[in-house]
Ligand SMILES: [Fe+2]
Ligand SMILES: [Fe+2]
């Protein structure tokens, strides 16, 4: 497989579900670049790339939904901002796929590189910020639920 996007240990959030999904997304981007690099470029190739990009969009949507669910579970204070960022990225990706299909122009490595940089920037920025909160406060918050706190104050 191509070394377009080589996963770095430092990108791990240490939240197992999230890391698993991020790595799967990185692998999908590598596979898209692999397909792009194949010399035999026919209609079948275009269809295959279109399908792979659609899959990537779906997996991205599922990942965002799952990450947002984890944020809600621990009342993450930057939830709204993080979700807004997800919506923008998701819309950009959908628009990109639509343009490829409409123009029938195929995928260029420049746009895929932009996608890669977005992916890494989001993981090392917003996702890491969430992970820090999750590890510092989140698990603690989960143990002492709001319900038990309010019962304690009755005493
Ligand atoms: Fe995120
Ligand atoms: Fe993420």
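The values are calculated or read from the model by the stated rules, or taken from the named source; none is laboratory data. Here the structure is a predicted model, which is why all the values come from computation and not from measurement. So basically every Cβ, Gly included, is an ideal-geometry build from the backbone, and we count neighbours across all protein chains shown.
Please go through the stretch 63-80 and pick out each residue that is more than 14 Å from ligand 2 (Cβ to nearest atom) and loosely packed, with under 14 Cβ neighbours inside 10 Å.
72, 73, 75, 77, 80
Taking residue 99, is it touching a residue at least 60 places away in the same chain (Cβ under 8 Å), more than 14 Å from the chain's Cα centre (by Cα) and over 30 Å from residue 136 (Cβ atoms)? Step through it out loud before you land on a result.
Details: touching a residue at least 60 places away in the same chain (Cβ under 8 Å): no; more than 14 Å from the chain's Cα centre (by Cα): yes; over 30 Å from residue 136 (Cβ atoms): yes.
For residue 99, the condition - touching a residue at least 60 places away in the same chain (Cβ under 8 Å), more than 14 Å from the chain's Cα centre (by Cα) and over 30 Å from residue 136 (Cβ atoms) - is not met.
Could you tell me whether residue 122 is in a helix (DSSP H, G or I) and more than 14 Å from ligand 2 (Cβ to nearest atom)?
Against the criterion (in a helix (DSSP H, G or I) and more than 14 Å from ligand 2 (Cβ to nearest atom)), residue 122 does not qualify.
Check whether at least one residue in the stretch 30-53 is away from ligand 1 (no atom under 12 Å from the Cβ) and within 13 Å of the chain's Cα centre (by Cα), and report yes or no.
No, because not a single residue in the stretch 30-53 is away from ligand 1 (no atom under 12 Å from the Cβ) and within 13 Å of the chain's Cα centre (by Cα).
Would you point out the residue of the stretch 55-113, among those that are within 12 Å of ligand 1 (Cβ to nearest atom) and in a loop (DSSP other than H, G, I, E, B), that is farthest from residue 15 (Cα to Cα)?
It comes out as 78.
Being away from ligand 1 (no atom under 13 Å from the Cβ) and either within 21 Å of residue 22 (Cα to Cα) or modelled with pLDDT of 85 or more (or both): is that true of residue 125 here?
Details: away from ligand 1 (no atom under 13 Å from the Cβ): no; either within 21 Å of residue 22 (Cα to Cα) or modelled with pLDDT of 85 or more (or both): yes.
So residue 125 fails the test.
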